[in-house]
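The numbers here are math on the coordinates, done by the rules we state, and not lab data. Note that the structure is predicted; figures quoted are calculated from it, not measured. Neighbour counts run over all protein chains shown; Cβ positions are idealised from the backbone, glycine included.
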Amino acid sequence: MRFEELGLIKPILKALKDKNYQEPTEIQETAIPPILKRKDILGCAQTGTGKTAAFAIPIIQLIHRIEGESNKEPVIRSLIVTPTRELAIQIDENISSYAKYTKVKHTVIFGGVKQGKQVTRLQKGVHILVATPGRLLDLIDQGYININTVKIFVLDEADRMLDMGFINDIKKIIKLLPSKRQSLFFSATMPNNIQKLSKTILHNPQKIEVAPVSSAAETVKQYVYYTNRTSKKKLLIHILETEGMKQVLVFARTKRGADRISRDLSKQKFRALAIHGDKAQNQRQKALAMFKEGKLRILVATDIAARGIDISKLKYVINYEIPNLPETYVHRIGRSGRAGEKGIAISLCEPEENQFVKDIQKLINKKLIVVEDHPFPQTDKPMTEKEKKEWNKEKQRRKQEFFANRNKNKKNRRR
Ligand code: AMP
């Protein structure tokens, strides 16, 4: 199918040509026509499928038709709420490129930075507002934003929104929206709590499902290296050295873990930086920009920080730690192999994570390819329940000792 067949207006078709999009992706083909007909949508789709354009393009077209030629000051006609700053910025960037030949005005707001510039932009008037929940409610409270003019509401990445504890914020936002509106609801997974939430938002929605989460990105080749906890660092370095990878996204479970990995890699002369929630927004943006431009070889990220990273040609994703939720694994590997590109996902599995690999294989209904020919094979056995309990106690003891020492050192320094 061609974009021309979806009933899109010329200014948008021209912008898509500039983006060099040859044809609509599956979700664009199925979602754009009903959205243009003002239907509510319940979309089960993960990032990498072209989901952003699937909702952004028809929204721009609808607003352009209603407001485009009006000389009145713009009011917010569409509100797009998304869980992370990176994703919000990315959606707004996409809107910029699709709307560049229209008069549709848009902006993005998110927390972690001063609000001044965002408020100034809002005061000039916008048709489309992309926002993260916290900053949105904050600016509504301060009287800078009024959302009762909204005609199209988008809730993006609803499952992640709930994982991040935004449920109450979402409920507050919905109460402030006009009840007569069009709503588009997207989530990569549809567990019960998400379906329940969708029912409170949508009215007689059209259901759209592309590449269900369990099918994983078909274009990504998935490998697993079984190893020991103590040899993971060496194995990672071995893989980076032997595979000649240029742009690698490494996933860590915790913020401290991400920092540790990037520090260890830097010591080995690999150019690596970490991004996570404790890093300042401008640091995160800078690291991401360097990574996208190919100036930084390795980016180490936590799941939340990596959400919304959109690098169209990213080939390698490495799971330094295997997530305990198989859906998270699918989100992670979906960072590579986007929009039809070929991707490679490598998981480093220590004995305690063997079960996680089994869970993943069950969800995606596919076996990961086991790489046996490497210098650090798994020799340890997974811990028994008793050993695990003891190990947790030991970890707790070490942690307390660490903090006690740190406090002592601080006191001594003050003296
Ligand atoms: P998304 O799923 O919205 O995060 O999009 C994933 C990537 O696919 C982004 O880099 C988009 O720019 C790109 N993309 C979206 N639609 C198309 C299309 N029709 N043709 C080629 N690339 C696309």
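Springs between Cα atoms under 10 Å define the GNM used for the chain, and in it the highest mean-square fluctuation of P191, P83, P377 occurs at P191.
Other residues lying with their Cβ under 14 Å from the Cβ of K381 contribute a combined charge of -3, Lys and Arg counting +1, Asp and Glu -1. Given a 10 angstrom Cα cut-off, can you work out which residue in V370, V154, V75 is the most mobile in a GNM of the chain? The residue that fluctuates most here is V370.
Under 16 Å of direct C-alpha separation, and excluding same-chain neighbours fewer than eight residues apart, K234 reaches these lysines: K267, K269. Of all DSSP-defined beta bridges confined to the chain, some 0% are antiparallel rather than parallel.
Taken as Cα centroids, region 76-132 and region 393-412 sit 44 Å apart, rounded to the nearest whole angstrom. Three principal axis extents of region 220-391 based on alpha-carbon atoms, in descending order, are 45, 34, 29 Å.
The charge dipole of the chain, taken about its Cα centre with unit charges on the Cβ atoms of Lys, Arg (+1), Asp and Glu (-1) only, comes to about 1880 debye. For the residues I201, I174, I66, a GNM of the chain with alpha-carbon springs under 10 Å puts the largest fluctuation on I66. Listed by chain and number, the aspartates and glutamates whose C-alpha is less than 19 Å from the C-alpha of K366, apart from same-chain residues fewer than 8 away, are E218, E327, E353. Residue ranges 126-138, 232-244, 51-63, 345-357 sort as 51-63, 126-138, 345-357, 232-244 when ordered by packing (mean number of other C-beta atoms within 10 Å per residue, highest first). Each eigenvalue of the Cα gyration tensor of the chain, multiplied by 5 and square-rooted, gives one semi-axis; in descending order these are 40, 25, 21 Å.
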